[in-house]
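What follows is a set of notes on a single structure, which appears directly below.
The values are calculated or read from the model by the stated rules, or taken from the named source; none is laboratory data. Treat the numbers as computed from the prediction; the structure is a model and nothing was measured. Cβ: placed from backbone, ideal geometry, glycine included. Neighbour counts: every protein chain shown. For accessibility, only protein heavy atoms count, side chains too; no ligands or nucleic acids. Shrake-Rupley method; radii C 1.70, N 1.55, O 1.52, S 1.80 Å.
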Amino acid sequence: MQLQPSSALTAFPWSNRFLVFLIIIGCFFSIAAGIVPLIVWGAVAALGLLFWCFTSSLKGLVLVIALSSMFVRSTEEITPFEIAYAVLFGVVVMGWILRRMSLGIPFTQNTSDRVLGWFLFICIASILPAIGQGNDLIKWVRELVPFLLFLPYFMVVSLLRSKEEIRWFCIAYLVLSISMGLVNVYDYWIIVSEARQEWELIANRQAPGEPLFFTTLIITILFLVYHGVWARRTIVFLGIIAFCVIALAITFSRGYWVGSIIALGCAYLYMPSDKKRRFILYIGSMTLVAVIVIVSLMGQIIIDIISAMGDRLASIITAAMDLSIRNRMVESAAAMDEILASPIWGYGLGYYFNFHPLIPYLTPTWYVHNVYLYLWLKLGIFGLSAFLIWYGMVLYHAYLCVRRLSDPFLHPLVLGIMCIMIAMIPLSITSPQFIQKDSILFLALGTGIIERIYRSNNWTAPLEA
């Protein structure tokens with residue numbers, strides 16, 4: 001199947017005035033290079049990269065995704081890396097927007113696009129209740145920014161043409177996951193080597209990037225199952241799986257292990273019979289080999305880590321007694337009380353509310369672990385409904401694609417995205433799947449791929465290689 005957009009989209013509409021402007025800029029840099037060459041050539045390289053991203057939206061978006069570790073790792077302050085990423089991201093999006101405007105092409109193509117567009121509009125319009133409530137507008141902006149990462153969805157849907165381009169995005173996403181994971185593993189290894197008490201292993205856990213490792217792990221396992229252990233990429237798949245398991249383990253996350261079980265369980269239900277047998281064999285074998293190798297190579301330190309991890313995972317069984325779970329229930333109850341006072345319009349992004357936490361931390365707080373309540377509290381019933389309708393539509397389209405696709409690359413990819421989206425539904429009751437930057441980036445990319453495949457003229461056949 002060939003995904004070919006309008007040929008008009010492949011060329012940027014130049015004008016004589018713009019070409020003259022470029023010539024003037026070139027002359028300026030030619031003169032300035034003789035005065036301060038290092039600064040000038042650095043600026044030339046930066047402007048060249050921005051110009052390339054501006055005129056090559058698809059490739060620029062691939063670069064943006066690969067470099068997203070500069071942005072998705074949350075910080076308390078605005079760092080130079082975040083500013084650089086914001087500029088790069090903004091240039092890519094602006095190039096795509098101006099190109100479509102100049103050619104008179106609408107930004108949305110069907111109902112699912114329009115529903116997501118309405119959701120983003122409601123996010124921006126929440127500035128009205130935010131002003132009415134006296135919210136901090138700086139905080140409003142900081143809460144709005146993660147939702148802007150849904151914009152690549154529209155770009156992916158409109159620009160993807162071939163299976164090869166989907167592979168570019170998969171590689172870029174893998175680069176992002178590995179870069180985040182390497183930093184986490186290094187930082188945690190340094191901390192663990194100096195730890196003296198078991199509680200220090202949990203206290204110093206490395207949580208950034210949890211959704212990245214979770215999603216990469218699930219999709220890679222499915223690729224391994226569908227391609228078999230004798231495929232040429234087997235060693236690469238096994239290496240990625242091992243890395244994601246380690247990176248996810250040191251987050252000491254309970255929810256993402258539950259999410260992994262849900263996602264893999266759903267994938268198992270939709271697999272052909274031969275793939276189901278292979279799935280069980282591979283999962284069992286990998287688990288056994290991993291345990292033997294880890295215990296043999298890492299000795300007592302890994303036993304301590306596994307013991308601490310086991311204690312944390314065991315709290316799932318006694319969730320009613322777990323202090324963290326009970327604290328989130330108190331938080332949700334307080335958020336619900338606020339929602340009932342303004343269920344239609346919400347309070348706008350940047351809103352803070354008070355409650356009495358069981359685990360001492362600063363209040364009032366802007367945050368609700370239950371994402372559905374967060375969206376309802378901040379964006380009102382219209383914002384929550386728009387998001388859930390869009391999410392349900394894409395899930396249904398993914399289901400249709402999984403039923404009819406037979407391509408050995410696209411089928412496990414779409415199946416993985418669909419099952420991860422299913423797992424995120426219960427996971428979002430206690431963790432921020434739909435408001436966290438790395439989760440949103442995955443959803444924007446994954447749902448864009450699903451929608452592009454679903455809308456192609458002959459989407460039951462393989463894409464162009």
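Can you name every one of the helices (runs of 4 or more DSSP H) wholly within segment 210-274 that holds 2 or more residues which are under 20 Å from Ser179 (Cβ atoms) and under 16 Å from the mean Cα position of the chain (by Cα)?
On the way: elements: 210-227, 234-249, 255-270.
Here the list reads 210-227, 234-249.
When you look at His356, is it open to solvent by 50 Å² or more (accessible area, probe 1.4 Å) and assigned to a loop (DSSP other than H, G, I, E, B), yes or no?
So His356 passes the test.
Residues of segment 409-443 being outside any helix (DSSP H, G or I), at pLDDT 90 or above and open to solvent by less than 10 Å² (accessible area, probe 1.4 Å), which ones?
Ser428
Where the second residue is not in a helix (DSSP H, G or I) and the first is open to solvent by 10 Å² or more (accessible area, probe 1.4 Å) and lies in segment 210-228, which pairs have Cβ atoms under 6 Å and are six or more apart or on separate chains?
Glu210/Thr251; Glu210/Ser253
May I ask you to list the residues in segment 329-354 that are under 11 Å from Val368 (Cα atoms), touching a helix residue (DSSP H, G or I) at 6+ places or on another chain (Cβ under 6 Å) and without any contact (Cβ under 8 Å) to a residue 40 or more places away in the chain?
Phe353
From the list Ser102, Ser112, Ser126, exactly one residue is in contact (Cβ under 8 Å) with a residue 24 or more places away in the chain and under 22 Å from the mean Cα position of the chain (by Cα). Which is it?
Only one candidate qualifies: Ser112.
Hey, Gly446 hits all of (1) open to solvent by 10 Å² or more (accessible area, probe 1.4 Å); (2) under 26 Å from Tyr85 (Cβ atoms); (3) not acidic (Asp, Glu) but one; which does it fall short on?
Going through (1) open to solvent by 10 Å² or more (accessible area, probe 1.4 Å); (2) under 26 Å from Tyr85 (Cβ atoms); (3) not acidic (Asp, Glu) one by one, Gly446 breaks only (1).
If you go through segment 94-123 one residue at a time, how many are β-branched (Val, Ile, Thr), surrounded by fewer than 20 Cβ atoms within 10 Å (Cβ to Cβ) and in a helix (DSSP H, G or I)? I'd like the intermediate steps shown before the answer.
The first filter runs over segment 94-123 and keeps only residues β-branched (Val, Ile, Thr), leaving 97, 105, 108, 111, 115, 122.
Among the residues that remain, those that are also surrounded by fewer than 20 Cβ atoms within 10 Å (Cβ to Cβ) are: 97, 105, 108, 111.
Cutting the leftovers down to in a helix (DSSP H, G or I) gives us 97, 111.
Here the count works out to 2.
Let's see how each residue does on (1) closer than 24 Å to Ile422 by Cβ; (2) of a type in the set (Gly, Ala, Ser):
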residue: Phe213; (1), (2): yes, no
residue: Leu217; (1), (2): yes, no
residue: Trp230; (1), (2): no, no
residue: Thr234; (1), (2): no, no
residue: Leu238; (1), (2): no, no
residue: Leu248; (1), (2): yes, no
residue: Ala263; (1), (2): yes, yes
residue: Pro272; (1), (2): yes, no
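Which residue out of Ala86, Ala45, Ala11 is modelled with pLDDT of 85 or more, under 25 Å from Ala172 (Cα atoms) and not hydroxyl-bearing (Ser, Thr, Tyr)?
Among Ala86, Ala45, Ala11, only Ala86 is modelled with pLDDT of 85 or more, under 25 Å from Ala172 (Cα atoms) and not hydroxyl-bearing (Ser, Thr, Tyr).
Name the residue that is farthest from Ile122 (Cα to Cα), counting only residues in segment 387-408 that are of a type in the set (Gly, Ala, Ser) and open to solvent by 10 Å² or more (accessible area, probe 1.4 Å).
Restricting to residues being of a type in the set (Gly, Ala, Ser) and open to solvent by 10 Å² or more (accessible area, probe 1.4 Å), the top hit is Ser406.
Tally time: how many residues in segment 26-41 are in a helix (DSSP H, G or I) and at pLDDT below 70?
Residues in segment 26-41 being in a helix (DSSP H, G or I) and at pLDDT below 70: 10 in total.
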